[in-house]
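The structure appears right after this line, and notes come after that.
Every number in this text was worked out from the coordinates using simple rules, so none of it is lab data. Computed from a predicted structure; not experimentally measured. A quick note on method: Cβ atoms are made from the backbone with ideal geometry, for glycine too, and the neighbour counts reach across all protein chains shown.
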Amino acid sequence: MSNKHEIEEDLYRAQSRLDDLCKQEGQENTGTQTVTIQPKYGEEMQSLREECSQLRIILEAMEASEDGSSSRSTDEKIK
């Protein structure tokens, strides 16, 4: 399993790519202030959203595990 730093890098990379695709799909028409959505990256964007979601879940679980282990060691020191 990857370490936390690698997962954070993967999340940053995927989120950056997703942001770029969102900017490319939404093109502003300056004359009417209308935003036109062109769904040419839909599948890739959905895949990136799912990847980001999974990576966030993994990071949250890792953080919860770290919190749990640090509170256990504090409890053990008190005893």
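Tabulated data for the structure shown
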quantity	calculated
Net length gained if the chain between Glu60 and Glu44 were fully extended (0.36 nm per residue, minus Cα distance)	3.3 nm
Charge context of Leu11, other residues only, Cβ under 14 angstrom, K/R +1, D/E -1	-4
